[in-house]
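Contents: one structure, followed by commentary.
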Amino acid sequence: MAKSENTQELVSNRKAGFDYEILETFEAGIILLGTEIKSLRNHGGSLQDSFVDVRAKEGFWLMNASIAPYAFGNIRNHEERRPRKLLMHKREMDKIRRTIIEKGYALIPLSMYLKKGIAKVKIAIAKGKKSYDKRASLKEKESKRSIARALDRE
């Protein structure tokens, strides 16, 4: 996704890149309540430990995503970790569903953002990393960091 002036990132799942190998990304709309979007604009959300549930007839649902209750809300404030429906084209959903079922991959949310004032979720088909893959990623990152430090000193 190219960042433009019309895109404002609200929440990101920073740990997803460490825990998963990202294979393909998609953009999905999300159904939110008024107090949820207000809370997200105040950076009151988290995608840690969240996932996308693929249901046969009912579509895709964002599960376990936390959107903090709106501070200035009333008695009709939203529930913090309620399931939220994702909106996508049917052919995209069928493609994702086939890939996940055939190969056993996971569907995870990467970020929530506003695009032209409309809330979107960036989701990804991902493959879980083993612990030795995570260690290799850390070693690679550390070596890049040390090379960058050495070049800066010169």
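Near Glu140: Cβ cut-off under 12 Å, other residues only, Lys/Arg at +1 and Asp/Glu at -1. The net charge is +4.
Which entries of Lys116/Lys141; Lys116/Lys139; Lys38/Lys90; Lys15/Lys85; Lys90/Lys144; Lys103/Lys134 have Cα-Cα distances beyond 31 Å here?
On the way: Lys116/Lys141 35 Å; Lys116/Lys139 39 Å; Lys38/Lys90 29 Å; Lys15/Lys85 23 Å; Lys90/Lys144 42 Å; Lys103/Lys134 21 Å.
Pairs exceeding 31 Å: Lys116/Lys141; Lys116/Lys139; Lys90/Lys144.
Computed from the C-beta positions of Arg91 and His43, the FRET efficiency with R₀ = 30 Å rounds to 0.30. Close amide H partners of Tyr70, meaning residues 5 or more places away or on another chain with modelled amide H under 5 Å apart, are His78. Using C-alpha pairs under 8 Å with a sequence gap of at least 6, the mean separation divided by the residue count of segment 7-129 gives a relative contact order of 39 percent. Placing a pseudo-label 7 Å from each Cα along the Cα-to-Cβ vector at Ile101 and Phe18 gives an inter-label distance of 3.5 nm. Relative to the longest principal axis of the Cα atoms of the chain, the long axis of helix 131-153 lies at roughly 60 degrees. Helix content alone sets the calculated 222 nm mean residue ellipticity of the chain: runs of n ≥ 4 DSSP H residues at -39500 (n - 2.57) each, divided across all residues, give -10000 deg cm²/dmol.
Against the chain, whose longest principal axis comes from its Cα atoms, helix 90-103 is set at around 50 degrees. Rounded if a/c is under 1.5, else prolate if a/b is larger than b/c, else oblate: which is segment 7-129, with a ≥ b ≥ c the root eigenvalues of its Cα gyration tensor? Because a/c hits 1.5 or more and a/b exceeds b/c, segment 7-129 counts as prolate. Across segment 27-66, the volume of the C-alpha convex hull divided among the residues equals 85 Å³ per residue.
None of the figures in this text is laboratory data; all of them are computed from the coordinates on show. Quick caveat, the model's predicted, so the values are computed rather than measured. Cβ atoms come from the backbone with ideal geometry, glycine included; neighbour counts cover every protein chain shown.
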